[in-house]
Every structure is written in C-alpha cells, then in structure tokens.
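J.: Before we start, here is the structure in question, set down as structure tokens.
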Amino acid sequence: MNPSGVQQQVESRSVAGPFDWYRNINKQERRTFWSCKIGYGLDGMDTQMLSFVIPTLIMLWGITTAEAGLIHTSTLIASALGGWIAGILSDRIGRVRTLQLTVLWFAFFTFLCGFAQNYEQLLIARTLMGFGFGGEWTAGAVLIGEVIRAKDRGKAVGMVQSGWAIGWGLTAILYAVLFSLLPPEDAWRALFLLGIVPAVFVIFVRRLVKDPEIYQQTKAAEKTEAPSHFYEIFAPGMLFTTIRASLLTTGALGGYYAITSWLPTFLKNERGLSVLGTGGYLAMVIVGSYVGYVISAYLTDLLGRKKNFILFAVGSFIIVLLYTQMQVSNGVMLWLGFPLGFFASGIFSGMGSFLTELFPTRIRGSGQGFCYNIGRALAAFFPLLIGMLSQKIPLGLGIGAFAAVSYGVVILAALSLPETRGKELEAH
C-alpha cells in the first residue's frame, strides 16, 4: 500500500467517530463545555419546578389558571430583561463572571420561593428568580460558542443545551420522590428549597473556567479603540439581522412555552391522570427532549442552521397538534410524548451557535442577549393568554393553536436569515 493510501485511512479514522470533536478540544475548552452544560442543567432544574407544583397550588390556595399563568408570564418577562442585561454585562465584565452572578441569583430566589406564604409572595419571588435564569442562558451560550472551533460549534453548543433536559428530568424525579414522602403542603416547599443547590456550582466555575481568548483579545483592542455599546445592534448594518433573529427566537420559545408551561396541568385536569401517571408522560417527553437536543446538535452542523430550524419547526408543528387534539388512548398518548419532546426541545440546539455567528465579538453578548430575550418576553405572554383562554375553551386546544402559530413564525424567520455554518469568529 502506498504512503498516500495509509494517510487517507488514518485521516478517515480520525474523523469517523461522532465524539472526535470532544477528544480534539483542550483541557480549558473541556472545562468550559462542562461548566456550561452543568449550568444549563441546574437552570432547567430550578426553572421547571413551578410547572410541577402549579396543580398542587391550585388545590391548596385555590388560585385560578389565569393567576397561575400570570406567574409563568411574569417570570418569563423578568427572565427576558435579565437575559438582555446579562448579555450587556458579558460584553463589559466578561462571560464567566456574568455566568457566576446569574447562577447565584436564580438559585437564591428559587430557594426563597419555598418560604412563600401566599400567592403574592410566590409571584414576587418567582419573578425575581426569572432575572437569573434568563441571564444564565445568555452568558452560557456566548461562552461556549466562542470557545469551540467553527466546524464543531453547532455540536458543542447543542450538547451543552441538552443539559436543560437533564435538569428537567432531575426535577421530575425530585417531584416524584418528595410528593411520595411528604404531604403536598410540605412537598412543594421542599422542592423549591432544593433550588439553592446550584449555588455550589459557582465555586467550580470561579476556580476552573476562564473567558475565551477571542473575548480577551477584543477587550484588549478596546483599550486603544472606541469601546462597544449595546445599541450598536440597532445600527443600520445590524438592525435587520437583529429583527429577524428576534422573530426566530420568539417563534421557538412561544411554541415551547405553550407546551411546557401547561403540559402537567393539561395531563392532570383534562386527561385525568394521577401524579404517577403524569410523571410517566413527562418522563417520555423529557427523554425525547434530551435525544432531540443531541440529534439536533449534530444535524445543525451537518445540514446547516437554517435547514435544521425548519426541520424541527415542521416536526413540532405536526406533533403538537397530534398530541393535544387527537382523541387517542392513554397508551398512544404516552408514546407521542417522545417525538413531542424531541422536536420542541431539539429546535434550540442550533440557537446558541447561530446567534453567536450572527453578531461580531464586541457586541455578541448584547446581540445574543437581546434577540433571545426579546423573543422570550413576547413568548412570555403565551402562558397567560392560554390560561385565560382555557376558561372558555379546552386547555389542549389553546396549547395547540398557540404552538402552531409559533412554529410558522420560526420557518419564515429561518428562511429570511443568512446561513452561518462554519463561520470563523473574529476578534473585533
């Protein structure tokens, strides 16, 4: 065999494995990867606690579905503001320091929710918690997006975001355990009190993770140049990109919130499932979510950002309508949960890398923070509107209608944006 043939075989083997991208990153990049993934998991754990306890609070406090929807919506609006502020801060004080601050914030206020004595106190504590969990997404997405090389960015960022499903699953397990061991009036408080655990994670980030080199180069250059300002994302050359990216996130988040905010209540009240039955359905959705994140992470590099968004939006559009509108047995509903989670969550795998590539380094945090979180702010009204609408029409119908419109917006926005797969980031 000639030398060139041997070289071709070696090169073929070097790119054959699905996890070769991970083996090729250095120690600091691995630390960054795991810090962001764990951060997303802890974020998902604390954030999803509310959806599990809402049915219990409706029973104990007699709150209406509209009032429950207001908690969801106020939390999401606060998270939108927090995410935008975190994006600006990450451009100013660094990606890692902003990540630390946001994790501490959402952990503390989740813990505080466990001491609420009435609806008003819970509304305030949960709303304040939203500032932190919205900020954590922005800081983590910018951090991991800048660390990983261009050809593997989609895979790495998507794998990081799969941590959200792990956190969601952990909350489901804690919910099942606590509500089996404690009476409902104590179990929901214990669940929120465990939300302080992510604060310990900050110690790990503080000691082991550093800001990306490209960010450090950009900040060094700013010492001799004019500093960046967040309002540059609205400048003539960037405004159209900012608007289209914001529509993309609004659609994806709107569909997701329409499903996840009300799914436990829908299964319990309209399908008549027990607590264990609801846990079984949600387990199937959560497993589907994790698989969706992982598959989408690879597809966004293989197919490109735009095609991947459209694929998952179409899948979500079809599955949500089937899941909420079909009159089928509980067994069939159980299996439909997997593709529901797969498409509704998988669509987010490409979001972090795409937004990272759409904005220059000097305003990347501001741009990514604004686009993702203005989408979150607009989508935040969906749980409230669905809750109000459910007093006149079936809850499942409201979920399906809002989700369908949302994913249509995703498709239109994706078609209008440029393809950025493989784009190299520059220090400017």
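J.: Please state, to two decimals, what the Cα-based radius of gyration of segment 135-264 comes to when divided by 2.2 N^0.38 Å (N = residues).
T.: 1.43
J.: Report the calculated FRET efficiency for GLN391 and LEU415 (r = Cβ-Cβ distance, R0 = 45 Å), to the nearest 0.05.
T.: Numbers: r = 36 Å, r/R0 = 0.81.
Efficiency computed from Cβ-Cβ geometry: 0.80.
J.: Let me ask another. I'd like the Karplus ³J(HN,Hα) series for segment 121-134: coefficients 6.51, -1.76, 1.60, θ = phi - 60°, whole numbers in Hz, and an x wherever there's a Gly or Pro.
T.: Using θ = phi - 60°, the values come out as 5, 5, 4, 5, 5, 5, 5, 5, 4, x, 4, x, 6, x Hz.
J.: Given the Cα-Cα distance of VAL314 and GLN117 and 0.36 nm per residue of separation, how much length would full extension add, in nm?
T.: Values: separation 197, 0.36 × 197 = 70.92 nm, distance 4.31 nm.
Gain in length upon complete extension: 66.6 nm.
J.: When the chain is fully extended, how far beyond the present Cα-Cα distance does ARG206 get from LEU181, taking 0.36 nm per residue of separation? If you can, show how the numbers build up before the last one.
T.: Details: separation 25, 0.36 × 25 = 9.00 nm, distance 3.59 nm.
Net length gain for the segment: 5.4 nm.
J.: Still on this structure, please answer the following. Which order do peptides 201-211, 350-360, 27-37 fall in by mean Cβ count within 10 Å, highest first? Mind showing how you got there, number by number?
T.: On the way: 201-211: 15.6, 350-360: 26.2, 27-37: 19.0.
In decreasing order of mean packing, 201-211, 350-360, 27-37 become 350-360, 27-37, 201-211.
J.: Of the residues LEU193, LEU181, LEU340, which exhibits the maximal mean-square fluctuation in a Gaussian network model of the chain defined by a 10 Å Cα contact cut-off?
T.: LEU181
J.: Counting other beta carbons within 10 Å of each Cβ, put HIS72, HIS229 in order, fewest first.
T.: Values: HIS72 25, HIS229 13.
Result, fewest neighbours first: HIS229, HIS72.
J.: Any idea how far the Cα center of segment 136-186 sits from the one of segment 354-411, in Å?
T.: The two parts, judged by their Cα centres, are 19 Å apart.
J.: If you don't mind, there's one more thing I want to ask. Which of LYS155/LYS392; LYS151/LYS210; LYS37/LYS219 have a Cα-Cα distance over 32 Å? Could you put the intermediate results ahead of the total?
T.: Details: LYS155/LYS392 43 Å; LYS151/LYS210 22 Å; LYS37/LYS219 25 Å.
LYS155/LYS392, as the Cα separations exceed 32 Å there.
J.: How much length would be gained if the chain were fully extended between ALA66 and PHE19, taking 0.36 nm per residue of separation minus their Cα-Cα distance, in nm to one decimal? All intermediate terms of the calculation are to be shown ahead of the outcome.
T.: Numbers: separation 47, 0.36 × 47 = 16.92 nm, distance 4.57 nm.
This chain segment gains 12.3 nm when fully extended.
J.: So, one more: Defining a contact as two alpha carbons under 8 Å apart and six or more residues distant in sequence, what relative contact order in percent does segment 20-164 show?
T.: Worked out over segment 20-164, it gives 40 percent.
J.: State, as an integer percentage, the relative contact order of the chain based on alpha-carbon contacts under 8 Å between residues 6 or more apart. Walk me through the numbers before you get to the answer.
T.: Details: 779 pairs, mean separation 116.1, N = 428.
Once normalised by length, the contact order is 27 percent.
J.: While we're on this one: Listed highest first by mean packing, meaning other Cβ atoms within 10 Å per residue, what order do 380-387, 230-237, 60-67 come in?
T.: Details: 380-387: 23.8, 230-237: 13.5, 60-67: 15.0.
The packing order, highest mean first, is 380-387, 60-67, 230-237.
Bear in mind that the values in this text are calculations on the coordinates, not laboratory data. These numbers come from a predicted model, not from an experiment. No Cβ is skipped: glycine too gets one built from the backbone with ideal geometry, and neighbour counts run over all protein chains shown.
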